[in-house]
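Have a look at the structure below, then the notes.
The values are calculated or read from the model by the stated rules, or taken from the named source; none is laboratory data. Since the model is a prediction, treat every value here as computed from it, not as a measurement. Methodologically, a virtual Cβ is constructed for each residue, glycine included, from the backbone with ideal geometry; neighbour enumeration extends over all protein chains shown. Only protein heavy atoms, including side chains, enter the accessible area calculation; ligands, DNA and RNA are left aside. Shrake-Rupley method; radii C 1.70, N 1.55, O 1.52, S 1.80 Å.
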Amino acid sequence: MPAPPIRPPAVAGTWYPGSRGALEREVDSLLGAAEVAAVPAGALVGVIAPHAGMMFSGGVAAHAYKVASGAAVDVIALVGPSHFVGFEGIAIFERGAFETPLGLAQVDETVGAALMSASPLIRPHLSAHTREHSLEMQLPFLQRVLPGVPIVPLAIGFQTRETIGALAEALAAALDGRRALLVASTDLSHYFDAQTATALDARVVECVDRFDADALLSEFERYPEGERGRYVACGGGAAIAVMRAARALGAGAARVLKYAHSGEISGDHATVVGYLAAGLWKA
């Protein structure tokens, strides 16, 4: 049998620092600056975090990973959109590891096999992961707050209602009885002026804060498929699937931890991207 594949970093040195020391300092600084008020007392089941360049969205993402720090979990299911490869279903990286400057994040083959058994829409598609940043941007945070915990990388192709539903059901079935953390990777609206973006993003924030995956799906489907990423969220399907799976796994409380947009960092309020961090807890 050939050696398990290692997926090398695609955006290290551009979207986030490319050396171990610099990346550790950057992530730790962002985590240290994140201020999180009191959160639900139950076990954390899932988080939603953005995936833009660390200088733009890292401060928001840090809020999600601050509440995940030290959580008692044995596997992390990473769910994000595919930005570069179009396909039906969900692409799993079934074995091997993802590499970052902080080392290797090993893939949990057992959970991956359980997911593929749970749905025929989940199947290996390594090329979908080659350039994809939506999952990679989560790894430096996870490697600092949950070091050594294996991952299951899942990239959604065309984010149809059927695919989102099948993924949610498969996650709930495969992770039932396991100590797992679900991670949904998504940015919100893209390239509107700040006032418009904030108004559009407020609809997503409200759905997440109410823990209403069905309402978020309805908002997602208000727009033609090709426009949903711009008006709602590029990883809207990931967020909906993770919210549904978390609910099935016992989560009953949601909290939006931070909202911001890129203009708050860049100073350009004419064309911004929105970012949200949230957590999902057992009631």
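Details
- Residue match in segment 247-264 (condition: at negative phi and among the aromatic types (F, W, Y)): yes
- Taking (1) in contact with a Leu (Cβ under 7 Å, 6 or more places away or on another chain); (2) open to solvent by 30 Å² or more (accessible area, probe 1.4 Å); (3) not in a strand (DSSP E or B) in turn, A246 satisfies each apart from (2).
- Taken as a whole, the structure leaves R25 outside the set of residues that are modelled with pLDDT of 95 or more, out of contact with any helix residue (DSSP H, G or I) (no Cβ under 6 Å at 6 or more places or on another chain), basic (K, R) and part of a strand (DSSP E or B).
Results for (1) modelled with pLDDT of 95 or more; (2) open to solvent by less than 20 Å² (accessible area, probe 1.4 Å); (3) among the charged types (D, E, K, R); (4) at positive phi, shown as yes or no for each residue.
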residue	(1), (2), (3), (4)
G89	yes, yes, no, yes
R95	yes, no, yes, no
V107	yes, yes, no, no
V111	yes, yes, no, no
L115	yes, yes, no, no
R123	yes, no, yes, no
S127	yes, no, no, no
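- Count - residues of segment 175-221 that are among the hydroxyl-bearing types (S, T, Y), surrounded by 16 or more Cβ atoms within 10 Å (Cβ to Cβ) and part of a helix (DSSP H, G or I): 1
- Helices (runs of 4 or more DSSP H) enclosed by segment 78-169 - at least 2 residues per element that are hydroxyl-bearing (S, T, Y) and either over 17 Å from the mean Cα position of the chain (by Cα) or more than 27 Å from Y223 (Cα to Cα) (or both): 109-118, 127-130
- E225 farther than 21 Å from H261 by Cα, open to solvent by 10 Å² or more (accessible area, probe 1.4 Å) and at pLDDT below 95: yes
- A search for C-beta distances below 7 Å between a residue of segment 7-29 that is closer than 24 Å to H63 by Cβ and any residue that is of a type in the set (S, T, N, Q) and surrounded by fewer than 19 Cβ atoms within 10 Å (Cβ to Cβ), counting only pairs 6+ apart in sequence or on different chains, returns nothing.
- Considered as a group, the residues in segment 249-260 that are farther than 14 Å from A61 by Cβ and part of a strand (DSSP E or B) include one that is most open to solvent (accessible area, probe 1.4 Å), and that residue is R255.
- Under the condition of being outside any helix (DSSP H, G or I) and either more than 20 Å from E206 (Cα to Cα) or free of Cβ contacts under 8 Å to residues at least 24 places away in the same chain (or both), the residues counted in segment 263-283 number 5.
- Screening the candidates A77, A72, A38, A33 for the property of being modelled with pLDDT of 95 or more, open to solvent by 60 Å² or more (accessible area, probe 1.4 Å), under 23 Å from A251 (Cβ atoms) and out of contact with any Phe, Trp or Tyr (no Cβ under 7 Å at 6 or more places or on another chain) yields one hit, A72.
- A166 meets the conditions (1) crowded, with 20+ Cβ neighbours inside 10 Å; (2) closer than 30 Å to A41 by Cα; (3) of a type in the set (A, V, I, L, M) in every case but one. The failed one is (1).
- Condition check for S57: in contact (Cβ under 8 Å) with a residue 40 or more places away in the chain, surrounded by 24 or more Cβ atoms within 10 Å (Cβ to Cβ), over 21 Å from V149 (Cβ atoms) and of a type in the set (G, A, S): yes
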